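Some notes on the structure that comes next.
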């Protein structure tokens with residue numbers, strides 16, 4: 001009788017353990033599907049962002065500079081309307097980025113906002129310095145001046161890009 005009771009208890013524990021394992025496997029499958037859906041949504045958002053931004057001359061020029069730095073890509077001119085369009089598209093993609101930027105740091109000028117928008121879009125320092133027609137070292141100094149003087153963050157240990165991406 002006692003061995004029958006042990007067998008019955010053992011079967012019960014085994015059923016409980018298998019149920020828990022099955023439940024965990026189902027949770028892992030659901031989690032994997034959720035993560036796959038999140039990745040697909042992010043990829044779709046990135047694709048949409050690129051489609052929108054590819055209509056802008058500043059973005060296309062910067063993208064081309066990043067991909068193929070040749071003498072042909074250095075022959076470009078960007079006027080204020082190109083920059084205004086770029087900032088508007090950046091605002092659309094990043095939920096009013098330039099407005100939040102200026103609300104947080106009102107001392108920023110027109111060119112400072114352009115630099116911040118280029119950084120927000122993930123362009124390299126080299127590409128940005130070419131777009132601004134300046135040396136890369138001068139661009140580093142300019143970012144430092146913006147962070148220290150115009151943003152009032154001289155003791156902030158974050159990089160300029162980290163500050164911009166936090167906005």
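So that you can scan it fast, the table gives a plain yes or no per residue for (1) in contact with a strand residue (DSSP E or B) (Cβ under 9 Å, 6 or more places away or on another chain); (2) closer than 24 Å to residue 167 by Cα; (3) assigned to a helix (DSSP H, G or I):
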site: 15; (1), (2), (3): no, no, yes
site: 25; (1), (2), (3): no, no, yes
site: 51; (1), (2), (3): no, yes, yes
site: 55; (1), (2), (3): no, no, no
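Counted as qualifying within the range 87-167 are the helices (runs of 4 or more DSSP H) with 2 or more residues that are farther than 28 Å from residue 52 by Cβ, namely 136-145. For the range 79-137, filtering for residues that are over 20 Å from residue 56 (Cα atoms) and either touching a residue at least 40 places away in the same chain (Cβ under 8 Å) or surrounded by 20 or more Cβ atoms within 10 Å (Cβ to Cβ) (or both) leaves 7.
Counting the residues of the range 64-86 that are at pLDDT below 70 and either part of a loop (DSSP other than H, G, I, E, B) or closer than 18 Å to residue 52 by Cα (or both) gives 8.
The values are calculated or read from the model by the stated rules, or taken from the named source; none is laboratory data. This is a predicted model, so every value here is computed, not measured. Note: ideal-geometry Cβ built from the backbone for every residue, glycine included; neighbour counts use all protein chains shown.
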